[in-house]
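Below: one structure, written as structure tokens.
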Amino acid sequence: MGKVRETALRLLSPLRQTAAIRRFSIPRAWLIAYLLLIVLPAGIFLYGYYSRSADILRNEVVRTMQQALKQAGSNLSYRLERIEDISDAAFMNANLHSYLSINSSDQSIGTQIKVIEDLRYLVETVQSNSDVYHMRLFVDKSKLYAEERINFFTLDSLMVRPWFHSIIEGNGGIVWTGVYKESYLGGNDETIMSAARMLRDPGDYDKVSGVLMIDVRQDIVSKILSELQFSPGMAVYLVAQDGTIVYHPDASLIGKAVDPHLRDALNGEAEGTKSLTLNDEKSDVLFTTLAPTGWKLVAQGPESQLSPATQRLTKRSEWRSLIEYIALFLILPFVLLAIIVRGMNRRVNHVITVIRKEGKEGRDAIDGLQELPAVNGDFHMLERSVDHLILRVRTLVEENYTAEIREREAQLSALQAQINPHFLYNTLDTINWIAIGKGATDISMMIDSLAKYFRLSLNKGNTIVSVTDELRLAEVYLEIQQSRFLGSFEFKVEVGEELEAYRMPKLILQPIVENALLHGIRKAKDRKGLIDIAVELDQGDLVFVISDNGIGMEEELSRRLLTEERVGPGDHTGNGSSYGLFNVNERIKLYSGEGYGLSISSRLGVGTSVTVRMKAVLAASRNSADNEAE
């Protein structure tokens, strides 16, 4: 009997294992569908994912490097522009030209000594700037001081230099030399680059009276470029318009010509990224242009330059991601599918068994399993799910609408932040001083007003400004337009002192004032216009009234300006066709609520009055609200 029992157990054991396997088995049709619908698409997806990821990573690294290169180019351009400004200031020295043009034989020794003292003072003034290493004047050898060889040299000694003819052809403009070595009397050899320009005799314009040269150390370039955190295989250097290397960390390459393919690529665009074959090797080339010199700042490497830490992270991430996606798309779906199939089979079999054996009690048992009411349990669960889905969709739509508004505001702030106010203000200030130096007071006043306009409109990227700044922005705009349309209109601003503490969105009044001028007053023939801006507090609201005595408009047009977005190209007369009042009205509603915005009152031939109403928000309360929102 014992042997029979053992034999029976041995026979039953495979059957039990087979039954256990069947509980987790998947029908063949399901398995084929799994392979075709999950495994195959997952493989294709993984392949495309890694291809796209590699391209995206490469493009992102190249974009970051290009931005860093542009920033370095901007810094270097700024430093070189300062040198050019110093050269311009020395060039405009009236005594310099008169001293160089006078024949030394016609001067007494005392006069020549006075000339030397004045020129020495000019040299010391220029050399007091930290960026200037040396100032040199190359003059006619007949001058008493021509052989001084510290700051004064003979013009003949400069003629042997390779860039002498470029200086003469520059006709008084600044010509930058490349990096070269120069020896000074009583000092060691220095590696420098120079900004040189020709000086003409004011009495005989065809005669060259000398050459002014301002020297700067190579460090002014190398220090800025050394801050670029590129990989060791990336070379950063400067190339002139003719393809000659004017600066390179490897001094032996200075003065040599770049590869013709690289030269053609650099001359084609102001900045960009190229993939070129140089010396039989695939290379990535990034470049940008230095505005003062026209040189190209080039970063060149044998391949896409990722930092070593990024490369290691990428490799680890690839293997980890591969394992995760294999588990996600292959193993986990297979296991889940097997469990779902087994659970569905067991549940269906259980329900069928209960219905067959127990009738209504079985249905009550099913309802108990589902924890739903007995009547129409499945449909009731579906209805509840649909109701919940509709509610959720409405909530998501509202959240999405709010997110889009914030995204638009963030995009606007990002675009405004892209402008470099410091560079813009410095440029306008430089132009202003040039205009003052030339006695062009009207140009100086226009540039000063434009600088104020930019400062107020940019406002360091802030979208909320004080009422005073917003009014001042409108005033500056009208002052600029008064310079443009002389005697065609006047304006006045009426505001109470208590309004200085209130805040509002910026660029609300300027579009309205612009419309009053261009579409109201400027279209009225033979009539001097007046724009009146008034602001007051009215029951906790800020109320602005902008009035003009222009041509006015029809009631239908004034209504459509606030209900339809009207945008069109401007003409060459400055009249324009873009009112922009719809967008201003929408911005006010977003800021204060639906009960606020613009209202227009206008009569043909009489004029137009635009009323702006928004919540009066004090600066302190607005800041608190912003902090709570953050």
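Just so it is clear, none of the values below were taken in a lab; they were calculated from the coordinates. On a predicted model such as this, the values are computed, not experimentally measured, just so you know. Methodologically, a virtual Cβ is constructed for each residue, glycine included, from the backbone with ideal geometry; neighbour enumeration extends over all protein chains shown.
Could you please rank LYS143, LYS525, placing first whichever residue has the fewest other Cβ atoms within 10 Å of its Cβ? Going from least to most buried by this count: LYS525, LYS143. Dipole magnitude for segment 93-220: about 60 debye, using +1 per Lys or Arg Cβ and -1 per Asp or Glu Cβ, origin at the Cα centre.
Couplings 3J(HN,Hα) of segment 85-96, computed from phi: 4, 5, 4, 4, 5, 5, 5, 7, 5, 5, 5, 4 Hz, in residue order, whole Hz [Karplus 6.51 cos²θ - 1.76 cosθ + 1.60, θ = phi - 60°; x for Gly and Pro]. Determine, from the Cβ-Cβ distance of ASP189 and ARG406 and an R0 of 60 Å, the FRET efficiency 1/(1 + (r/R0)^6), rounded to the nearest 0.05. After rounding to 0.05, the efficiency reads 0.50. Summary of the geometry: segment 473-537 and segment 38-99, compared by the centres of their Cα atoms, lie 41 Å apart. The simple Förster model, with R0 at 51 Å and r as the Cβ-Cβ distance, assigns SER483 and GLU281 a FRET efficiency of 0.30. Think of each Lys and Arg Cβ as +1 and each Asp and Glu Cβ as -1; about the Cα centre, that makes the dipole of segment 469-551 roughly 700 debye. A full extension of the chain between ARG28 and GLN241 corresponds to an added length of 69.6 nm, given 0.36 nm per residue minus the alpha carbon distance.
Let me know the shape class of segment 99-212, please: from the alpha-carbon gyration tensor, a ≥ b ≥ c as square roots of the eigenvalues, rounded when a/c is under 1.5, otherwise prolate if a/b is greater than b/c, or oblate. Here segment 99-212 falls in the oblate category. Take the Cα of LEU37, step 7 Å toward its Cβ, do the same at ASN93, and the gap between the two points is 8.7 nm. If you plug the beta carbon distance of ALA251 and GLN229 into 1/(1 + (r/R0)^6) with R0 = 22 Å, you get a FRET efficiency near 0.45.
With the cut-off at 1.5 for a/c, could you classify segment 124-282 from its C-alpha gyration tensor as rounded, prolate or oblate? Since a/c reaches 1.5 and a/b is larger than b/c, the shape of segment 124-282 is classed as prolate. A protection proxy built from the mean count of other Cβ atoms within 10 Å ranks the segments 113-123, 288-298, most packed first, as 288-298, 113-123. Relative contact order of segment 30-183: 12 percent, from C-alpha pairs under 8 Å at least 6 residues apart in sequence. This ranking places TYR78, TYR247 by how few other beta-carbon atoms lie within 10 Å of each, fewest first, which gives TYR78, TYR247. Pairs from the list LYS181/LYS207; LYS223/LYS274; LYS492/LYS589 with a Cα-Cα gap above 31 Å: there are none. Residue-normalised convex hull volume from the C-alpha trace of segment 153-234: 128 Å³ per residue.
Counting every other Cβ atom within 10 Å of each residue's Cβ, PHE138, PHE491 order from fewest to most as PHE491, PHE138.
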